[in-house]
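The values are calculated or read from the model by the stated rules, or taken from the named source; none is laboratory data. This structure is a prediction, so every number in the text was calculated from the model and none was measured. Methodologically, a virtual Cβ is constructed for each residue, glycine included, from the backbone with ideal geometry; neighbour enumeration extends over all protein chains shown. Heads up: the accessible areas ignore ligands, DNA and RNA and are worked out on the full protein's heavy atoms, side chains in. Shrake-Rupley method; radii C 1.70, N 1.55, O 1.52, S 1.80 Å.
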Amino acid sequence: MFGRGYRFIQILSIDIVIGVVVLLRFFCAHFEIRVDWQVYALLACSVWLIYTADHIRDAEKAKMTNRSRYLFHHKFKRPLIASSIVVIILMLALIFYIPSIILISGIILAAFSFIYLLVQHQLSIWLCKEFYVAIVYSIGILMVPTLLSGKAEWSYLILLFLLTFTNLVIFSWYEKDQDERDGFMSLATRLSHDGIEKLMLILVSFGFGISILNFNEIHLFFLISFGLYAMMILKPQSLRKNQLYRTIGDGVFLLPIIWEWI
């Protein structure tokens, strides 16, 4: 029962949304700033909309797929679109409670995200999808604490980008056969087997290296996270069962909850 419930949460990208909120809370606490719940809600709604729109579009493209996420988004396309409209209305109500600097920056970031969704295929010719998603995701989370505190911690942005990029690269590696069957382009389908493995090892190594420098609680989170990703690279067969690799890969972004208990 629990397994089905969690799988449903994954299909709807709710675990991604929770991870975004947890990370925002984590960085805001570190920067010692207070953020109203409306900011968390607006970020959560934005991320859910982007992921849902992306999955609906992919589901339309991969009509012969056997992946549960795309089957679900294809079958329930209309209810999901209706839900998206409700979420958009909620977001419009929330913007009146958001600091102006956050609102303006958020609109700009949302515009880039929307453009990405429209021209993703053309962009993929020049650079991989994983790269763009990692950039938008990282900036979206660190934008709030950076702007409100007036402090720019570039190491955090680099590490969060590396962590998100590594997450997406590992997923593309695990799902290479499915992507090829469904006609999707990813880093794993574009690079050789040795090439994608070298890239993953380089990303994890950089993550470890930067995390060890100027060590603090934020870097400890990244150190643990990259350690888990290293394990995923070394143990692919045992983690494919029941898509355990996704549970661990996305679960990394929930780790900051531990700091709330300490």
Being more than 18 Å from the chain's Cα centre (by Cα) and open to solvent by less than 20 Å² (accessible area, probe 1.4 Å) is the filter; apply it to the range 51-76 and report the residue that is farthest from Phe8 (Cα to Cα).
Ala62
Inside the range 207-242, can you point out the residues that are crowded, with 17+ Cβ neighbours inside 10 Å and either in a loop (DSSP other than H, G, I, E, B) or among the polar types (S, T, N, Q) (or both)?
Ser211, Ser225
Mind checking which residues of the range 50-76 are among the hydroxyl-bearing types (Ser, Thr, Tyr) and closer than 18 Å to Ile88 by Cβ?
Tyr51, Thr52
Considering the range 135-187 alone, what residues qualify as being within 19 Å of Ile98 (Cα to Cα) and either polar (S, T, N, Q) or in a loop (DSSP other than H, G, I, E, B) (or both)?
Thr146, Ser149, Gly150
Would you pick out the residues in the range 177-200 that are open to solvent by 60 Å² or more (accessible area, probe 1.4 Å) and either touching a helix residue (DSSP H, G or I) at 6+ places or on another chain (Cβ under 7 Å) or without any contact (Cβ under 8 Å) to a residue 12 or more places away in the chain (or both)?
Asp177, Glu180, Met185, Leu191, Ser192, His193, Asp194, Lys198
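Results for (1) part of a helix (DSSP H, G or I); (2) modelled with pLDDT under 90; (3) over 13 Å from the mean Cα position of the chain (by Cα); (4) not small (Gly, Ala, Ser), shown as yes or no for each residue.
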| residue | (1), (2), (3), (4) |
| --- | --- |
| Arg4 | yes, yes, yes, yes |
| Arg7 | yes, yes, yes, yes |
| Asp15 | yes, no, no, yes |
| Gly19 | yes, no, no, no |
| Arg25 | yes, no, yes, yes |
| Ala29 | yes, no, yes, no |
| Ala41 | yes, no, yes, no |
| Ala44 | yes, no, no, no |
| Leu49 | yes, no, no, yes |
What's the number of the only condition in (1) over 19 Å from Thr65 (Cα atoms); (2) open to solvent by less than 60 Å² (accessible area, probe 1.4 Å) that Ser172 fails to meet?
(1)
